[in-house]
1. Residue pairs, Cβ under 9 Å, 6 or more apart or interchain, first in the stretch 165-193 and touching a residue at least 40 places away in the same chain (Cβ under 8 Å) and in a loop (DSSP other than H, G, I, E, B), second among the small types (Gly, Ala, Ser) and buried (at least 23 other Cβ atoms within 10 Å of the Cβ). List them.
2. Does Arg23 count as open to solvent by 70 Å² or more (accessible area, probe 1.4 Å), within 28 Å of the chain's Cα centre (by Cα) and not β-branched (Val, Ile, Thr)?
3. Restricting attention to the stretch 285-331, which residues are open to solvent by 20 Å² or more (accessible area, probe 1.4 Å), over 25 Å from Leu66 (Cα atoms) and outside any helix (DSSP H, G or I)?
4. Report, by residue number, each residue of the stretch 356-386 that is touching a strand residue (DSSP E or B) at 6+ places or on another chain (Cβ under 8 Å), within 18 Å of Val324 (Cβ to Cβ) and open to solvent by less than 20 Å² (accessible area, probe 1.4 Å).
5. Among the residues that make up the stretch 145-158, is at least one of them buried (at least 19 other Cβ atoms within 10 Å of the Cβ) and among the basic types (Lys, Arg)?
6. Give me the pairs: first residue in the stretch 222-243 and over 11 Å from Arg263 (Cβ atoms) and hydrophobic (A, V, I, L, M, F, W, C), second residue surrounded by fewer than 24 Cβ atoms within 10 Å (Cβ to Cβ) and at pLDDT 95 or above, beta-carbon distance under 7 Å, and six or more apart or on different chains, which are they?
7. Out of all the residues in the stretch 119-163, which are touching a residue at least 60 places away in the same chain (Cβ under 8 Å) and among the charged types (D, E, K, R)?
8. Among Met207, Met184, which is over 17 Å from Ser265 (Cβ atoms) and not aromatic (Phe, Trp, Tyr)?
Amino acid sequence: MLIRDVCLPDGRQGIDLLVQGGRIAAVAPRLAAPAGVEVIDGQGWLLSPPFVDAHFHLDAALSHGLPRVNESGTLLEGIALWGELKPRLTQEAVVERALRYCDWAVARGLLAIRSHVDVCDERLLAVEALLQVKKQVAPYLDLQLVAFPQDGLLRSSNALANLNRALDLGVEVVGGIPHHERTMAQGSESVRILCELAAERGLRVDMHCDESDDPLSRHVETLAFETQRLSLQGRVTGSHLTSMHSMDNYYAAKLIALMAESRLSVVANPLINITLQGRFDSYPRRRGMTRVPELLAAGLDVAFGHDCVLDPWYSLGSADMLEVAAMGLHVAQMTSRAAMRQCFEAVTSQAARILGLSGYGLEVGCHADFVLLQARSPEEAIRLRAARLLVVRRGQVLSRMAPATATLDLPGRPAAVDWCFPALKAS
């Protein structure tokens, strides 16, 4: 495959990209087309590496309304709802919903997902279901699983044993939720136990941490400390960290420096953070998302996750990581050109780095995985939620989409509408 005349996220224009043997063989202007190679005209559109979701819950996806709807819209009611639903789950239903979501993901150019999977069910039903899904989608999507003790590692009597069982079955990342333990002390203890377990097994850590409006919820401090103590630098992610939104600025500055020392990674979840946080406020109401610009300025890897789609916590969503990037941009007020590109990287390259994906990118030797977007730049892709004209993995086309166009019949006006006005799209 040879794709001609595309622009790249770094600003290069008029670039051709040659694919051979499932990898990128050349990236340069005006490449010669080898005999027998399919040539695709990129028409100057943006060629991006695939989208990556660094934080998701695939076991709960598309279960909205089962057994009922979250009426309060709070995190705690969502957790309670999931507790009601778990005993009713069947492996077949979890697999079917997860595969349906993976189809949505591929159509939107999302080819790698890190999904947390609840291990507090003694049956490990969701774990076994998602391990089956992981194997089934492997030809077209990277699915990385996190052993997640949803009910609390120490709060749930069987959580630690089940988490170890899940890791033995092939789940590859250690998860946690210290702020949901019974006490702050138990939360800190759970961080220590889980980080020691990850160090012993040589695994990565991705912990739901301080997902609250409480400025005194400071488990990420313990996570950073344990990361240094156990030499886990570069392998540990703190997800959500919404309490940082409410912390005193002096303490937050000290904490961010500690996190940078520990080479912690961070995943914010803009759609869900802005929906679930601030629920106990009147006005002014807190946004709730963690301090993304400050964390980036300190040199930390920061990604955005979708977190939830049509589940007990969130009744919307469509696997569109450009929607996630757009919400992150607005909530964090990242409106400079450089900051908007950082938001695009938060759902592509930064997320890939946090997951440890090998062969990711648009350089020679990388896997031939990419998305052709109907936009001329990353900023424009976010603004337009650009159509995914072509989705390619290992050099094979997985999905095609017609360009978004419109034809109008207005007296005294041109018949064709420029594609950059998405509100007027007819198709």
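The values are calculated or read from the model by the stated rules, or taken from the named source; none is laboratory data. From a predicted model like this one, the values you see are computed outputs, not experimental measurements. Here the Cβ is made from the backbone with ideal geometry for all residues, glycine too, and neighbour counts use every protein chain on show. Just the protein is used for accessible areas: all its heavy atoms, side chains included, with ligands, DNA and RNA removed. Shrake-Rupley method; radii C 1.70, N 1.55, O 1.52, S 1.80 Å.
1. Close Cβ pairs satisfying both conditions: Val171/Ala147.
2. yes
3. Correct list: Arg285, Arg286, Arg287, Arg291, Ala298, Gly299, Asp301.
4. Correct list: Val371, Leu373, Ala375, Pro378, Ala381, Ala386.
5. No: the stretch 145-158 contains no residue that is buried (at least 19 other Cβ atoms within 10 Å of the Cβ) and among the basic types (Lys, Arg).
6. Note: pairs meeting the criteria are Leu230/Glu196; Leu230/Ala199.
7. Asp142, Asp151
8. Working: Met207 fails: over 17 Å from Ser265 (Cβ atoms).
Criteria check complete, one pass: Met184.
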